[in-house]
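Below is one structure, written out as structure tokens; the observations come after it.
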Amino acid sequence: MAIDFQIRDFLHPARIHRLKRQFDRNQWMSPAELERYQVERLRAVLSAAQGQVPFYQELLRAGGIEAGRISSCAEIETLPLLTRELVHRHGSELRARNASRLHPIPQRTSGTTGPPIEFLADRDAQTLEF
């Protein structure tokens, strides 16, 4: 996946520093601490998806999955896979209703394995990719 970096993407050293500090802390976590952190992050992602992304609201509801009830990382295997075909078919339904508050930048994959996929990436996603 190619992300289009612009000069403004490099002008956020605080974001890069915060991310590095988090990575530095995570590498020393015990397996139990890391599992708790991962479950917490998974719940946060699923909660945001359930609350703001129409595609996931329906998909998770139909699958009987509730973000707050996730208790282990193993439960990620119960989540349906997002395929290239689903992204093309449901593209607009995969955008969070509140995405504009993050000032996302439109991006797209190269399309080497099929039609390009268009998506939005906010500054945090760009920092992580960097």
Considering the range 59-75 alone, what residues qualify as being assigned to a helix (DSSP H, G or I) and surrounded by 13 or more Cβ atoms within 10 Å (Cβ to Cβ)? L59, L60, A67, C73, E75
For residues that are at pLDDT 60 or above, under 21 Å from the mean Cα position of the chain (by Cα) and closer than 30 Å to P116 by Cβ, tally how many sit in the range 7-22. 4
Output the residues belonging to the range 120-130 that are hydrophobic (A, V, I, L, M, F, W, C) and open to solvent by less than 50 Å² (accessible area, probe 1.4 Å). A121, A125
Is it the case that the range 34-41 has a residue that's among the hydrophobic types (A, V, I, L, M, F, W, C) and free of Cβ contacts under 8 Å to residues at least 12 places away in the same chain? yes
Just to verify a result, which residue in the range 46-55, among those that are closer than 12 Å to R97 by Cα and open to solvent by 50 Å² or more (accessible area, probe 1.4 Å), is nearest to the chain's Cα centre (by Cα)? A48
Can you work out which of the residues in the range 76-112 that are part of a loop (DSSP other than H, G, I, E, B) and at pLDDT 90 or above is most open to solvent (accessible area, probe 1.4 Å)? R97
Boolean, P13 is without any contact (Cβ under 8 Å) to a residue 60 or more places away in the chain and either surrounded by fewer than 11 Cβ atoms within 10 Å (Cβ to Cβ) or touching a His at 6+ places or on another chain (Cβ under 8 Å) (or both): yes
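The values are calculated or read from the model by the stated rules, or taken from the named source; none is laboratory data. Predicted model only: the values in this text are computed from it and were never measured. Heads up, the Cβs are rebuilt from the backbone with ideal geometry, glycines too, and the neighbour counts pull from every protein chain shown. SASA here: full protein model, heavy atoms, side chains in, ligands and nucleic acids out. Shrake-Rupley method; radii C 1.70, N 1.55, O 1.52, S 1.80 Å.
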